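Input: a single structure, listed below in structure tokens.
The values are calculated or read from the model by the stated rules, or taken from the named source; none is laboratory data. Every value quoted in this text rests on a predicted model; they were computed, and no experiment measured them. Quick reminder, even Gly has a Cβ in these numbers, built from the backbone with ideal geometry, and neighbours come from all protein chains shown.
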Amino acid sequence: MRKLLVFAGGSNRPLAEEISNLLGKSLGEVTIKRFADGETWIQVEDSVRDVDVFIIQSTCSPVNDNLMELLIMIDAMRRASAERVTAVIPYYGYARQEKKTTGREPISAKLVANLITAAGADRVLTIDLHAPAIEGFFDIPVDHLPVAPILAEYFRETLPIQEVVVVAPDVGTVARANRFRKLLGRGLPLAVLFKHRPEPDMAEVEEMVGDVKGKSAIIVDDLISTGGTLIEGAKFLIRRGAERVYACATHPVFAPGAVERLEESPIEKVVVTNTIHFQQKGEKIEVVSVAPLLARAIKYINEGLSMTTLYKELKPIKFQPAL
Ligand code: R5P
């Protein structure tokens, strides 16, 4: 087993603390400041010579600052002779331009993968990439963990729901929703909504395949930004006869106003994880922690173990920030 040190960027310190507590370690010391012109200034305070280094940093808002912090931290570790550097990116931003849909578009998800690799990362550990193909944008090993087993278990344990139908809120989410449906494990039906965006950040549901009448619908998505996809989806499902609507999504991107809109919506509960730290809590929002999953994955990587048993006996726990 190699000596292991976990460092945190500034994006999600509460999650990093939870992970390091579960690993029985303190976080490595790193000072992060800004130059007067806004540039990121970093000093790693602990020696990392010959150490197996893990840097926890979600590339969430402020995305450019958090991304630069990650890149500069990787560079610092590499130059300080770390034996191996793993970028732990619970939420991988810049993932929504992952293919060209018209001419003259970038593939930002690939560019960011190149940057992380060029900075000197040896491997990446991440959760629920917006598009699974992004894993292949890296030429270094990527451990890409789904959170569906934990969310499905959470629904099974906490919500007294019967007559369930799992709903994909758009065609891009069908595989994800179907995996979640199988994990709930009761031969449940699947419904698919057909969403379109008349303009950016606005969602409308055109049609649906499946039957939701008299059922509890669980909408499964990878992220919530404005909340429009879930809210418009929920309204449509209720119009089509759903008794009640729940929702779950891995990444609470939560654009301004999203939590309020979700609170006022007909959705009963919105279950998200803490891949992104957010301050504003709502009555309907439940947060399940990914810390046990990431702590175990870090231990497995450090010990060179196969990830196939990673989820065994992993129980969902609610997010509790470390004191
Ligand atoms: C779309 O491709 C994603 O899976 C999400 O459905 C979408 O990004 C959610 O955005 P919003 O909450 O703004 O509708």
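Against the list (1) in the same structural domain as residue 236 (by TED's automatic domain parsing); (2) closer than 21 Å to residue 275 by Cα; (3) of a type outside the set (Gly, Ala, Ser), the condition residue 189 fails is (2).
When residue 233 is tested against the conditions (1) within 10 Å of the ligand (Cβ to nearest atom); (2) in a strand (DSSP E or B); (3) of a type in the set (Gly, Ala, Ser), the lone failure is (2). Of all residues in segment 143-163, at least one satisfies being surrounded by fewer than 18 Cβ atoms within 10 Å (Cβ to Cβ), in a loop (DSSP other than H, G, I, E, B) and at positive phi.
For segment 239-268, residues that are surrounded by fewer than 19 Cβ atoms within 10 Å (Cβ to Cβ) and part of a strand (DSSP E or B) total 2. Residue 37 - would you say it is under 21 Å from residue 94 (Cβ atoms) and either of a type outside the set (Lys, Arg) or in contact with a Lys or Arg (Cβ under 9 Å, 6 or more places away or on another chain) (or both)? Judged against the criteria, residue 37 is not a match.
Name every residue in segment 81-95 that is surrounded by 15 or more Cβ atoms within 10 Å (Cβ to Cβ) and more than 15 Å from the ligand (Cβ to nearest atom), in order of residue number.
Hits for segment 81-95 are 82, 84, 85, 86, 87, 88, 89, 90.
Residues satisfying the criterion are absent from segment 207-217 (criterion: in a loop (DSSP other than H, G, I, E, B), away from the ligand (no atom under 11 Å from the Cβ) and either under 27 Å from residue 278 (Cα atoms) or among the hydroxyl-bearing types (Ser, Thr, Tyr) (or both)).
Residues in segment 218-230 that are near the ligand (Cβ under 8 Å from one of its atoms) and touching a residue at least 60 places away in the same chain (Cβ under 8 Å): 222, 223, 229, 230. Scan segment 4-26 for residues that are surrounded by fewer than 19 Cβ atoms within 10 Å (Cβ to Cβ) and without any contact (Cβ under 8 Å) to a residue 60 or more places away in the chain and the total you get is 4.
For every residue, the table says whether it meets (1) under 21 Å from the mean Cα position of the chain (by Cα); (2) modelled with pLDDT of 95 or more; (3) surrounded by fewer than 15 Cβ atoms within 10 Å (Cβ to Cβ).
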| residue | (1), (2), (3) |
| --- | --- |
| 48 | no, yes, no |
| 52 | no, yes, no |
| 55 | yes, yes, no |
| 66 | yes, yes, no |
| 72 | no, yes, no |
| 75 | no, yes, no |
| 97 | yes, no, no |
| 108 | yes, yes, yes |
| 139 | no, yes, yes |
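Evaluate the following for residue 127: is it of a type outside the set (Asp, Glu), modelled with pLDDT of 95 or more and closer than 16 Å to residue 58 by Cα? So residue 127 passes the test. Number of residues in segment 276-308 that are buried (at least 21 other Cβ atoms within 10 Å of the Cβ) and assigned to a loop (DSSP other than H, G, I, E, B): the value is 3.
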